[in-house]
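Here the structure comes first, spelled out in structure tokens, and everything after it is commentary.
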Amino acid sequence: MFHPDGPTLPQLARQALSSTVRGYDLIAPRFDHTPFRTPDNLLQQVVDHLDPVDRAVDLCCGTGAGLQAIRPLVRQELVGVDFSEGMLDIARQRLAAGTGLKPTLVHQDVLAYDGEKRFDLVVSFGAFGHFLPKDQPALSRTIARALRPGGRFVFVTGRHPGALNPLTWAAWGFNAAMVLRNAVIRPPFIMYYLTFLWPDCVEPLSRAGLEVSIVHDGLSAPYQRAMLIEARKPSSP
Ligand SMILES: C[S@@+](CC[C@H](N)C(=O)[O-])C[C@H]1O[C@@H](n2cnc3c(N)ncnc32)[C@H](O)[C@@H]1O
């Protein structure tokens, strides 16, 4: 459907009819050939704004594209967390190649991950749609719990495109289909568009004790609508 090596329509349908974890396990070998994998051009733009750090963690690391991108910046410890073993298998293969730190891959629900306040940098790419609004406070607390004082959570989001934008209607249509699917099929597949947008993301992150600010309002083409955001844990409580 997307690429000769990408998933076919029936495979995508099977994914959507599975639980979130099982869906990603199924699609993992083909995931890198879908538009759901964060593109290298976007990852590189984020990396260009980061300084070298001792410890970093990528939450919902998937097949490891984000880990691979930030690896050259990390001196001591690099961790990826994801609840799909299939996605982690691909990440393992990807990261076995190349130089730099060998990341630790943790098979776990991110909401249960305890980073023990040791990371200078937390990142997460392309995964906020998997967290319902009711889970965003817990996600924010997980991030805050992973950061050392002075550490930063850096992520990409955007503003709501507005009701007149065709993208909004496509997203609302997709979300409506998912609400319907999850009302009739168990277990649910949690994936909704237009979540954790600016400025909605500020509240849960602030409540978790992080200081949120815009690093860049608009990235380079084709991501002019994307925003690079930083949520910093204060150095002293
Ligand atoms: C769209 S993929 C993005 C993967 C990668 N970050 C990227 O940008 O290419 C979303 C990933 O989030 C993971 N995920 C979703 N919810 C999760 C949760 N609660 N805990 C751990 N992993 C989760 C999925 O297994 C999947 O690998």
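A few notes on this one:
- Where strands (runs of 3 or more DSSP E) fall wholly inside the stretch 1-119, the ranges with 3 or more residues that are away from the ligand (no atom under 16 Å from the Cβ) are 53-59, 74-82.
- Any hit, the stretch 126-136, residues being without any contact (Cβ under 8 Å) to a residue 40 or more places away in the chain and more than 9 Å from the ligand (Cβ to nearest atom): yes
- Filtering the stretch 92-105 to residues that are closer than 14 Å to VAL57 by Cα and modelled with pLDDT of 95 or more leaves PRO103, THR104, LEU105.
- Where MET191 falls short, out of the listed (1) of a type outside the set (Val, Ile, Thr); (2) in the same structural domain as GLN44 (by TED's automatic domain parsing); (3) closer than 23 Å to VAL57 by Cβ: (2)
- Enumeration of residues in the stretch 158-187 that are assigned to a loop (DSSP other than H, G, I, E, B) and loosely packed, with under 15 Cβ neighbours inside 10 Å: HIS160, GLY162, ALA163, LEU164, ASN165, ILE185, ARG186, PRO187
- Taken together, the residues in the stretch 127-149 that are among the basic types (Lys, Arg) and not in a helix (DSSP H, G or I) amount to 1.
- Enumeration of residues in the stretch 195-220 that are in contact (Cβ under 8 Å) with a residue 60 or more places away in the chain and farther than 20 Å from THR142 by Cβ: VAL215, HIS216, LEU219, SER220
- Within the stretch 206-237, restricting attention to residues that are assigned to a strand (DSSP E or B) and among the hydrophobic types (A, V, I, L, M, F, W, C), the residue that is surrounded by the most Cβ atoms within 10 Å (Cβ to Cβ) is ALA231.
So that you can scan it fast, the table gives a plain yes or no per residue for (1) more than 22 Å from GLN45 (Cβ to Cβ); (2) in contact with a helix residue (DSSP H, G or I) (Cβ under 6 Å, 6 or more places away or on another chain):
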position: ARG148; (1), (2): yes, no
position: GLY151; (1), (2): no, no
position: LEU167; (1), (2): no, no
position: THR195; (1), (2): no, yes
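- Answer residue from the stretch 51-96, given it is more than 17 Å from the chain's Cα centre (by Cα) and of a type in the set (A, V, I, L, M) and is surrounded by the fewest Cβ atoms within 10 Å (Cβ to Cβ) among those: ALA96
The values are calculated or read from the model by the stated rules, or taken from the named source; none is laboratory data. Keep in mind that this is a model prediction, so the values were computed, not measured. FYI the Cβ positions are ideal-geometry reconstructions off the backbone, even for glycines, and counts take in every protein chain you see.
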